[in-house]
Amino acid sequence: MTTEAFAPPTTKSQALRSYDVADFPALTGLEEEWRFTPLKRLRSLAGDIAGTGAPLGHEVGVLPDGVTTSTIARDDPRVGSVLTPFDRVSALAYGAAPEAYLISVAPEAVVAEPAVVRVVGTGAEKVTYGHTFVEVGRFAEVTLVLEHSGSATLADNVEVTVAEGAKLTLVTVADWAPDAVHAQHLKVRLGRDAKVVHVQVSVGGDLVRQFTTVEYTGRGGEAELYGLYFADAGQHLEHRQLVDHSVPDCRSYVGYRGALQGEAAHTVWVGDVLIQAAATGTDTYEINRNLLLSDGARADSVPNLEIETGEVAGAGHASATGRFDDEQLFYLMARGIPEAEARKLVVRGFFAELINKIPVQELRDRLGDTIESRLVKAGS
């Protein structure tokens, strides 16, 4: 018998990575990474599109001092320096994006006002590819909001570097039109003692699939990944994370919450945390909670923890999916609150902690209004 028969299974750290889409087999839907995704609804993003796609347009909402934006060529050495695609759609976007959009924060800049950049789709009939590079200089502190709206069929990659001692709060919002399709891979690379807080909000679109990866390059790195999503009838919202602990004494926390209502509303959360052998002293935890508001909705939740060393400070995961807590409803209704209003209060309370993680009042208010309008539409 050959030794290959005893080869260990492939880990997340050993997965195929390539800039060339030809290195990835055609998608069938049977792959572990794609088994929850309805490939037909990805349109041509799951196929073989040759040549260069339409460029991705950006609008600057707010650009405070210390933050600059520009367009850089594909041959800029920064492009591809953080993210090497490890799935077919990401590789397709990498090869087809005609340029990259650069958001740069100067070293040691302490930016008091959030920077806001908007991506506005102009139509779902044309395939669009994008590439964004965010660089945060040493010891800088900044909040960046990256919003997506309008109609689009979009595949894009986002590379983020947070240099030594820097702190980034990144809020990404997918508030697409009902016909939009979006497949995104976002990767964050943290320097020594750097910190990122990423709040991912997904409420719009027909199909949204977002993959977030975190990589550490020095001790003391911290990553807090929060997600808030609300799927309505027919929507598919999918969120995946890979937190790759490869150096000692780093920390991560992942907390995602979703609500679902309506026939065929579908959400997917897959949280992968890898603690490599060298990553002693790691402290990590991930949790996903889903609230089913009606029949016909489905939430898939898969936490995975892969540990290659016994010398960790802490490691754990949890997942829960359920309907309204009858005791909470009874408590509110016993105090004279009508059932419909009581249900709204329960949903608001379910999301309140994550909404408060968003350091932009206007965005918090807008998100609260979106949740309220969906509950009213459903007659909750």
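Just to be sure before I move on: is residue 166 touching a residue at least 24 places away in the same chain (Cβ under 8 Å) and more than 16 Å from the chain's Cα centre (by Cα) in the structure I sent? Yes: the conditions hold for residue 166.
What's the total number of residues in region 302-346 that are more than 30 Å from residue 248 (Cβ to Cβ) and of a type outside the set (Val, Ile, Thr)?
24
Filtered by the rule that a residue be assigned to a strand (DSSP E or B), open to solvent by 10 Å² or more (accessible area, probe 1.4 Å) and of a type outside the set (Lys, Arg), region 145-172 gives 147, 149, 150, 151, 161, 169. Annotation note: Cβ proximity below 9 Å between a residue of region 141-152 that is under 20 Å from residue 204 (Cα atoms) and a residue that is at pLDDT below 95 and of a type in the set (Lys, Arg) (sequence gap 6+ or interchain) occurs for 152/126. Hey, does region 55-69 have a residue that's open to solvent by less than 30 Å² (accessible area, probe 1.4 Å), touching a helix residue (DSSP H, G or I) at 6+ places or on another chain (Cβ under 9 Å), modelled with pLDDT of 95 or more and not aliphatic (A, V, I, L, M)? Within region 55-69, not a single residue is open to solvent by less than 30 Å² (accessible area, probe 1.4 Å), touching a helix residue (DSSP H, G or I) at 6+ places or on another chain (Cβ under 9 Å), modelled with pLDDT of 95 or more and not aliphatic (A, V, I, L, M).
When we screen 363, 375, 354 for residues that are in contact with a helix residue (DSSP H, G or I) (Cβ under 6 Å, 6 or more places away or on another chain) and either surrounded by 16 or more Cβ atoms within 10 Å (Cβ to Cβ) or closer than 21 Å to residue 295 by Cβ (or both), the only hit is 375. When residues in region 73-84 are screened for being at pLDDT 95 or above and within 19 Å of residue 184 (Cβ to Cβ), 7 of them pass. Among the residues of region 87-124, those identified as part of a loop (DSSP other than H, G, I, E, B) and either open to solvent by 40 Å² or more (accessible area, probe 1.4 Å) or at pLDDT 95 or above (or both) are 98, 99, 106, 107, 108, 109, 111, 112, 113, 114.
Scanning region 205-241 for residues that are surrounded by fewer than 21 Cβ atoms within 10 Å (Cβ to Cβ), touching a Ser or Thr at 6+ places or on another chain (Cβ under 9 Å) and either of a type outside the set (A, V, I, L, M, F, W, C) or at positive phi (or both) turns up 215, 217, 222, 224, 240.
Can you find a residue that is in contact with a Pro (Cβ under 8 Å, 6 or more places away or on another chain) and either more than 17 Å from residue 158 (Cα to Cα) or open to solvent by 10 Å² or more (accessible area, probe 1.4 Å) (or both) anywhere in region 185-203? Looking for residues that are in contact with a Pro (Cβ under 8 Å, 6 or more places away or on another chain) and either more than 17 Å from residue 158 (Cα to Cα) or open to solvent by 10 Å² or more (accessible area, probe 1.4 Å) (or both), one finds none in region 185-203, hence no.
Just so you know, in region 273-295 the residues that are free of Cβ contacts under 8 Å to residues at least 60 places away in the same chain and more than 21 Å from residue 240 (Cβ to Cβ) include one that is nearest to the chain's Cα centre (by Cα), and it is 283.
When you look at residue 337, is it free of Cβ contacts under 8 Å to residues at least 60 places away in the same chain and not in a helix (DSSP H, G or I), yes or no?
Taking the combined requirement at face value, the residue satisfies it.
Within region 27-45, residues that are more than 18 Å from residue 86 (Cβ to Cβ) and open to solvent by 80 Å² or more (accessible area, probe 1.4 Å) sit with their Cβ atoms under 9 Å from residues that are modelled with pLDDT of 95 or more and of a type outside the set (Lys, Arg), at 6+ positions apart or across chains, in these pairs: 43/181; 43/207.
The values are calculated or read from the model by the stated rules, or taken from the named source; none is laboratory data. All values reported here derive from a predicted model rather than from experimental measurement. Because the Cβ atoms are built from the backbone with ideal geometry, glycine has one as well, and the counts that use them run over all protein chains shown. Just so you know, the surface numbers come from the protein's heavy atoms only, side chains and all, with ligands and any DNA or RNA stripped out. Shrake-Rupley method; radii C 1.70, N 1.55, O 1.52, S 1.80 Å.
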